[in-house]
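Scroll down for the structure; my scribbles are underneath it.
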Amino acid sequence: MSWARPGIAILPSPDASAFRRFAWCAALVLAALAGLTALCKAGSEQLFAQSRQAMGTTFTIYLYAANEEQASEYFEAAFEEIERLDEALSNYRTSSELSRINRLAANEAVTTDPEVFELLQRSLDYSRRSGGAFDITVGPLMRAWGFFRGKGRYPAAQELAKARVSVGWQRVVLDPATRTVHFLVPGLELDLGGIGKGYAVDRVVVLLREMGVKSALIDAGSSTIYAIGAPPGKPGWNVRVPQPGNRLQAISTVLLRDASLSTSGNYEKYFRLDGRIYCHIMNPQTGEPVQGMLQTTVITPGATDSDALSTAVFVMGPLAGKRLLQSIAGASAFWVLGNPEARRTVAWRWPDRDRRTSRASRAMNSSVAQRNAGP
Amino acid sequence: MSVSISRPGETRAVPPSDQINLGVIGVGSRGKEVMRMMLRIPGVRVQGLCDVYEPRFAEGRKITNEETPIYRDYRQLLDARDLDAIVIATPLSLHADHVIASLESGRHVYGEKTMALTVQECDRIVEAVKRAGKRYQIGLQYHYAPWYREALQRIRAGKLGRVMQVYSYWHRNNSWRRSVSDPKDLKLERLINWRLYRAYSGGLLAELGSHHIDFANQVFGGIPESVIGTGGIDYWKDGREVPDNVQAVYRYPGGGTHFFSAVTTSRLDGSQLRVYGTTGSVVLTQIDGIFYEEPATEQSAALAETVLEHGVITGASYQAELPYRGLGHPIEVPEGKEGNANYACCASFIESVRQNKRPEADERVAWAEGVAVALGNKAIDQGGRLLFAEHVKMPA
């Protein structure tokens, strides 16, 4: 804490003791004010932000900490955890545990560690509950459609037929007794792209909370965002849901607090052919990219859930999607359907900030995602 | 649909005789990572967790996903009957006591690197391994990294010509400090940040340099003959006792040097090992490797002819000795040999226990790395050149 020097007081004045008296008073008031500000600052925390590349995207963490050293310790621990999970869950790295499973599991039952096993169980559970809309085995389809390390292309019929044979979550056998993974068909491969980032965010949230962080925003490439608490003096963290294809234009703004929000869009990777848009999100049932859906955003208490569910309800659409979300406590969703020229939106239990605040300012608190969501 | 129908908690598919029960002493960040790797191996179970920091028990049990027995004293863990092998991931100064006690209890040992803090302690561990007749493996995971193995094979096959230097650095830009829940609790600070205090730690040379030192030992085929070192607490003046800026130069018998540098104030270069041979070089990172052919020297018969006819033109010297900026050849790991270094390291240990055979990174590999680190640190402390022959009993 430092006191401001009453510099004005020593300015030479032409005469007048009155002016001098005034100057002293002003200086004292200024000094007192400066002291007070410094005190407040010392007691409060500052906002820090850091970004790093991981899981094929950019993770950004915003957090409040007492000083730079403390912030740096939080960032190091958080990014170390994300890197650890990337090394376990990546399907791009040959050294990852997922790659090891993909290499071996068609030939033998592969033992894996409890953490990876549990995440695979959760993934298959989502497949079951979403009627196959969420499926971690769509990798061969993604390849056939040119979306693995590429921008997409229309596959040859033969290529597509071949890929479809190697897809299907029912062909993955998990045995909890031996903690093993076994594929019933060759060519099958697991891709945790629709759930891994959410899981990493959940892990970072636990870690940062254990370390004492009270206010933070963890952003996994903007597709999954978790808010720990709220910025000082604010009811929550502002998250803007963009118009599909135009990041600068928000179609909804929500206040997020101790909850997670995930968005899936058809505009991240896609190609156009004969007037149709082919996006990178596959409908596992048809073996083709989902049509007629532009964007889905889901809020749930946890990030693994919101990540998986935003993909699931993108494939399922609002009608079936709502039925699935009803079984998940605290879930809400926002769909943008149609095509870029003719959009329509469907909101379900959606806590749009502006809609509520315009009704009554006292509803401000109840518009915070975490409290409003759920029956 | 399940292959073998059994309920969780029931006997595993691996016959009891093949099950390996591990006890883990030290459940910090490294201990936990080793546990995750070990649990990817069929028939491996963690049956004991030992630590002196209470939160580690819950963290460890989260990884094992069961109510693993816990111990607050390593001697109690060693008294447990059902353990086949012990993983030791404690602060460096405790390695010798923990490793030797584990061996003497009749268990095989997976000991984290560095082997031990001092040359004498390294010697004592080697003797204890011999006495106990048990297996010891050092947790130098890069020793098992597939792209390191592949590079080493090329080096040994002479693809680089004669290797004259290993030039390596591990450069970071952070305090190397872990967050402590109560910063005023000095005991806790030393427990969590043991790497920063001399009583427990060999600093950056031990925690980072050991991997590179092990590789240089493999390249040059033994331990160095001398080392000079330098280092200081130059930037992070936060009460730490180990240097935050370290360089050591090792010389090997027969010619050849290993230069190692660790800084904590720049991450431009990251962690790299550059192996310079007379006809080629290899650059190894934490995920891959690249092979470079030595840039060709120009030789032209046409050029030799014209010099007689036209002579040469004189002028100011202009050719700069620029670094080679061409492309290299990525080191491809053959199919079936790809994989994770940490996993391969743990799998090697379990295999050596099951088949009762020497692991690749055995106590001799560990000793060579351990004494090089210990003497490197001694050189950094006292300055000047230090001869290995005066401080270690050379292995036969």
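Rounded to the nearest 20, the size of the Cβ-charge dipole of the protein assembly as shown about its Cα centre is 2220 debye, with Lys and Arg at +1 and Asp and Glu at -1. For the chain pair B and A, the interface hides roughly 2500 square angstrom of accessible area in total, found with a 1.4 Å probe. Mean projection of the Cα convex hull over all viewing directions, computed for the range B:157-215: 5.9 nm².
List the residues whose amide H sits under 5 Å from the amide H of A:Gly168, counting only those 5 or more places along or on another chain, with H placed 1.01 Å from N in the peptide plane. Those qualifying (amide H under 5 Å, at least 5 residues apart or on another chain) are A:Thr137.
Computed over the range A:107-184, the Cα gyration tensor eigenvalues convert (square root of 5λ each) into semi-axes of 26, 13, 12 Å, ordered from largest to smallest.
Using modelled backbone amide H atoms (1.01 Å from N, in-plane), which distant-in-sequence or interchain residues come within less than 5 Å of A:His280's amide H? Placed amide hydrogens put A:Lys269 under 5 Å from A:His280. Does the range B:273-396 classify as rounded, prolate or oblate by the C-alpha gyration tensor (a ≥ b ≥ c root eigenvalues; a/c under 1.5 gives rounded; else a/b over b/c gives prolate, otherwise oblate)? Cα axes put the range B:273-396 in the oblate bin. Summed over the residues of the range A:260-312 and divided among them, the accessible surface reaches 33 Å² per residue at a probe radius of 1.4 Å. Equivalent ellipsoid of chain B: semi-axes from √(5λ) of the C-alpha gyration tensor, largest first, are 43, 26, 20 Å. Within 10 Å, at most 14 other Cβ atoms, and a DSSP state outside H, G, I, E, B define an exposed site. Report the longest part of chain B free of exposed chymotrypsin sites (Phe, Trp or Tyr not before Pro). No qualifying site falls inside B:54-234, the longest such stretch. Rounded, prolate or oblate, given the Cα gyration tensor of the range A:180-325, with a/c below 1.5 counting as rounded? Oblate.
Hydrodynamic radius of the range B:150-190 by the Kirkwood approach over all distinct alpha-carbon pairs: 14.7 Å. Taking only Cα atoms, what is the 0 to 90° angle, nearest 10, from helix B:55-64's long axis to the longest principal axis of chain B? So the inclination is approximately 80 degrees. Legend: residue pairs A:Lys197/A:Lys322; B:Lys134/B:Lys357; B:Lys130/B:Lys357; B:Lys184/B:Lys237, Cα-Cα distance threshold 19 Å; pairs beyond threshold, A:Lys197/A:Lys322.
Against the main long axis of the alpha-carbon atoms of chain B, helix B:119-132 sits at an angle near 50°. Computed packing ranks the peptides A:320-333, A:253-266 as A:253-266, A:320-333, most packed first, by mean other Cβ atoms within 10 Å. When the alpha carbon coordinates of the range A:169-229 are projected onto the principal axes, the ranges are 46, 28, 13 Å, largest first. Phi-derived couplings, Karplus 6.51 cos²θ - 1.76 cosθ + 1.60 at θ = phi - 60°, listed residue by residue for the range B:27-44: 10, x, 4, 6, x, 5, 5, 4, 4, 4, 5, 4, 6, 8, 9, x, x, 9 Hz, with x used for Gly and Pro. As a calculated quantity, the FRET efficiency between B:Gln19 and B:Ser317 at R0 = 51 Å, using C-beta atoms, amounts to about 0.10.
Please tell me the relative contact order of chain B in percent, rounded to the nearest whole number, where contacts are Cα pairs under 8 Å and at least six residues apart. Over chain B, the number comes to 20 percent. Surface composition of the range A:96-188: carbon and sulfur make up 52 percent of the accessible area, probe 1.4 Å.
Label-to-label distance for A:Ser327 and A:Arg103 is 3.6 nm, based on points extended 7 Å past Cα in the beta-carbon direction.
Shown for the range A:52-175 is the translational diffusion coefficient from the Stokes-Einstein equation, using the Kirkwood radius over Cα pairs, a temperature of 4 °C and a viscosity of 1.567 mPa s: 76 µm²/s. Centre-to-centre separation between the Cα atoms of the range A:40-92 and those of the range A:129-205: 29 Å. Charged side chains reduced to their Cβ positions (Lys and Arg at +1, Asp and Glu at -1) give the range B:180-267 a dipole of some 60 debye around its Cα centre. Inter-chain neighbour count for A:78-91: the average number of beta-carbon atoms from partner chains within 10 Å of each residue's beta-carbon is 1.
Of the trypsin sites (Lys or Arg not before Pro) in the range B:12-81, which ones lie in a loop per DSSP and count no more than 16 other C-beta atoms within 10 Å?
The qualifying sites are B:Arg72, B:Arg81.
Comparing A:Val290, B:Gly328, B:Gly31 along the charge dipole axis of the protein assembly as shown, the residue lying farthest to the positive side is A:Val290, per the Cβ-charge model. Relative to the compact-globule estimate of 2.2 N^0.38 Å, the Cα radius of gyration of the protein assembly as shown comes out at 1.11.
When the Cα atoms of the range B:204-279 are aligned to their principal axes, the ranges along those axes come out at 43, 25, 16 Å in descending order. Taking every alpha-carbon pair in the range B:163-306 and binning the separations at 5 Å intervals from zero gives 2, 9, 16, 17, 15, 12, 9, 7, 5, 3, 2, 1, 1, 1, 0, 0 percent. Rounded to the nearest Hz, the phi-derived 3J(HN,Hα) couplings of the range B:335-340 under the Karplus curve 6.51 cos²θ - 1.76 cosθ + 1.60 (θ = phi - 60°) are 4, x, 10, 6, x, 8, where x marks glycine and proline.
Using the Cα centre of the range B:188-323 as the reference point, and only Cβ charges (+1 on K/R, -1 on D/E), how large is the resulting charge dipole? Debye, rounded to the nearest 20. Walk me through the intermediate numbers first.
Numbers: 8 positive and 16 negative charges, 153 e Å.
Its charge dipole is roughly 740 debye.
Computed from the Cα positions only, the extents of the range B:15-136 along the three principal axes stand at 39, 33, 24 Å, in decreasing order.
Averaged over all directions, how much area does the convex hull of the C-alpha atoms of the range A:219-300 cover when projected, in nm²?
Across all orientations, the range A:219-300 yields a mean hull projection of 6.5 nm².
Considering only DSSP beta bridges with both partners in the protein assembly as shown, what is the antiparallel share in %, to the nearest 5? Could you put the intermediate results ahead of the total?
Details: 97 of 124 bridges.
So the antiparallel bridges amount to about 80 percent of the total.
In sequence order, the range B:200-205 has phi-based couplings of 10, 10, x, x, 5, 5 Hz under the Karplus curve 6.51 cos²θ - 1.76 cosθ + 1.60, θ = phi - 60°, and Gly or Pro positions carry x. Tell me which residues come under 5 Å, amide H to amide H, from B:Ile86 once H is placed; ignore anything under 5 positions away on its chain. For B:Ile86, the qualifying residues are B:Gly23, B:His108, B:Val109, B:Tyr110.
The values are calculated or read from the model by the stated rules, or taken from the named source; none is laboratory data. Remember, predicted model here, so these are calculated numbers, not experimental data. Virtual Cβ from ideal backbone geometry, glycine too; neighbours counted across all protein chains shown. Protein only, heavy atoms only, side chains kept; ligands, DNA and RNA dropped before computing areas. Shrake-Rupley method; radii C 1.70, N 1.55, O 1.52, S 1.80 Å.
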